[in-house]
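Data block below; observations after.
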Amino acid sequence: MPRKTLIVIVVAIVATICHTSCNSTTPTDQATQPARGIYHWKATYNPTPWELRFLKDHHIQRLYIRMFDVDQNPEYNTDYPIIPIATTRFLQPLPDSMEIIPCVYITNNALKQDDKMSTLAARIYNRLSEISACNGFTFSEVQLDCDWTTSTRARYFDLCNNLKQQLSRKNITLSSTMRLYQLSDTSLSNIPVDRTTLMCYNLGGLQDGRTDNSILDYSKAKPFFSHAKSLPQNMDVAYPTFGWGVVFRYHYLALPSLRIPQVYYTEYWGLVHSTDFSNKDLYILYEPYEKDSLQISHWYRVLENHTIDGFELRSDLCNEPLAIDYIREEHGEISQITQLQDHLASIYHAPHTTIIYHLDSASLSYYTHDEIEQILSR
């Protein structure tokens, strides 16, 4: 074989190998890697230096910001039965290195009002346009968030249809949040939008003292996927990176003859967000269940009367009737999140955005850098 012909053949083989290698698909391809997003769900946009550094360190690409809520007009104005409330104030410029997705929360009371959904859709878009112009950002997606029920579903779907049509004329897509329970019913999960965001948290049982973790418990979340006939094709996924304390008040009836107080009823009392359980003067770790039970969260007994966030906590051991508060500490635990992500990865392979909730240093500091990376990279 002539030397020149041999060289041509070798070059062709090498080129073919390189082309095949460069175009092969693997699970780690860029196309299958999730984009990274985070919610900002506060009344004021004024991130701390820690929070700005968090966005940079974790290469957050998409910032989902609640812009305002839509609710019933408290003045019962028939001309404007539905109005925007709680509009976010911007005390800092939005980062130009990230995609901004404005979010609007729709209340059920708003959906029950006698107003055309086409009119409401136009007002939502116009208000978002005004906010974006005033604050120097553009957007190519709008997200609606709503805890709609069976009685308000038709109205919410009508709103989505109308807003989607208006946005499409501007080449803007519409997304909607979706709850886990909606996966099992196609009439609930087929929201008329371009994309959905599955909210993998707040599973229920918040006010039940037998609940271990109402934010996320993998054993409770997994069945929702098993019952799903199919998953939405264009679906992003949101995971909880927040926590709170669920307060239960135990009322006691003193029985001197037995020399011990007896519980006569327990009630859910509320949520606290800035509790420092390391303060041994105020709290003591208390596990009310058997030791071999699942312990995702922890229980603490209040030792002294005190106030947190304007919320009064009690430990009245000397007064009658006796009342002692117990707090169930809950977080979106990394072990529960990654188990759910592993399960979801086995049944859903489409490109998507992994979103965490939400941009708040007090909540995010509960997690290590590597734990946040575990969530965002899956």
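The values are calculated or read from the model by the stated rules, or taken from the named source; none is laboratory data. Please read all numbers here as calculations on a predicted model, not as lab measurements. No Cβ is skipped: glycine too gets one built from the backbone with ideal geometry, and neighbour counts run over all protein chains shown. Areas reflect the complete protein model, heavy atoms only, side chains present, ligands, DNA and RNA absent. Shrake-Rupley method; radii C 1.70, N 1.55, O 1.52, S 1.80 Å.
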* Using r as the Cβ-Cβ distance of Tyr80 and Ser140, and R0 as 22 Å, what FRET efficiency do you calculate, to the nearest 0.05? -> 0.15
* Structure fact -> Under 5 Å from the placed amide H of Asp360, counting only residues 5+ away or on other chains, we find none
* Measure off 7 Å from each Cα along the Cα-to-Cβ vector at Ser184 and Asn234, then give the distance between these two points in nanometres to one decimal. => 2.8
* **Antiparallel DSSP beta bridges within the chain, as percent of all bridges there, nearest 5** => 50
* Run the numbers on segment 63-218 and let me know its relative contact order in percent, using alpha-carbon pairs under 8 Å that are six or more apart. => 19
* Asked: How much of the accessible area of segment 164-245, in percent, comes from carbon and sulfur atoms when a 1.4 Å probe is used?
  -> 45
* Asked: R0 = 30 Å: FRET efficiency of Ser219 with Tyr366, Cβ-based, nearest 0.05?
  -> 0.90
* To do: Using only Cα atoms, tell me the angle between helix 153-168 and the longest principal axis of the chain; keep it within 0 to 90° and round to the nearest 10.
  => 40
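So how do Tyr201, Tyr181 rank on accessible area, 1.4 Å probe, biggest first, that is with the largest at the start?
Per-residue accessible area, sorted high to low, gives Tyr181, Tyr201.
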* To do: For Ile65, list long-range residues whose amide hydrogen, built 1.01 Å from N in the peptide plane, is under 5 Å from its own amide hydrogen.
  => His40, Ile101, Cys103
* Could you work out how far apart the two model spin labels at Tyr348 and His298 are, taking each label as a point 7 Å from the Cα in the direction of the beta carbon, and quote it in nm? => 3.2
* Structure fact -> With the charge dipole of segment 53-93 built from beta-carbon charges (+1 for Lys and Arg, -1 for Asp and Glu) about the Cα centre, the Cα from Asn73, Pro93, Phe54 projecting farthest to the positive end belongs to Phe54
* To do: With label points built 7 Å along Cα→Cβ from the Cα atoms of Asn305 and Glu267, find their separation and express it in nm.
  => 1.8
* **Degrees, to the nearest 10: 117-135 long Cα axis against longest axis of the chain** => 80
* Roughly how many Å² of Leu271 are accessible to a 1.4 Å probe, to the nearest 10? -> 50
